[in-house]
Amino acid sequence: SFIQRTGSLLTNIVEKKLVSNMIAVGGFFFESANDFITAVEALQETEGQLRVTLPQPTAFTRKFISHVIQRMLLSNTAFAVTTTDAFDDWKTEQTWEAYSKSFSTVVRSIELD
């Protein structure tokens with residue numbers, strides 16, 4: 001995703017289209033899970049409306065986290081931008097999978113009543 005910012009605030013995030021020289025490297029934080037879910041549901045509703053008018057597969061059929069963030073930006077949710085020079089770019093899913101196989105993963109689930 002390419003991003004645009006004003007100062008330390010995100011003003012735009014666009015998937016697969018060059019809109020600036022800054023990219024999102026995948027670290028996202030949402031203060032409200034409910035706001036996130038609301039944005040996802042709004043996107044799903046919009047997608048359903050698009051399918052009615054555009055029955056053929058389109059660029060709208062695959063959603064990314066950038067689409068959720070963009071929807072939240074349009075609803076005046078603020079996102080802070082933190083810059084970094086340290087990140088790894090695996091370029092493809094295959095190179096990411098090869099890299100990630102070198103690590104062990106432990107998943108724990110704790111349920112609270």
Using the basic label-point model (7 angstrom from Cα toward the beta carbon), what is the F87 to S102 distance in nanometres? 2.0 nm
What is the packing order of peptides 27-37, 7-17, taking the mean over residues of other C-beta atoms within 10 Å and listing the highest first? 7-17, 27-37
Rounded to the nearest 0.05, what FRET efficiency is calculated for I23 and K63 with R0 set to 25 Å and r the Cβ-Cβ distance? 0.85
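Each reported figure results from applying straightforward, stated rules to the coordinates on display, with no laboratory input. The structure displayed is predicted, hence computed values, not measured ones. Cβ atoms come from the backbone with ideal geometry, glycine included; neighbour counts cover every protein chain shown.
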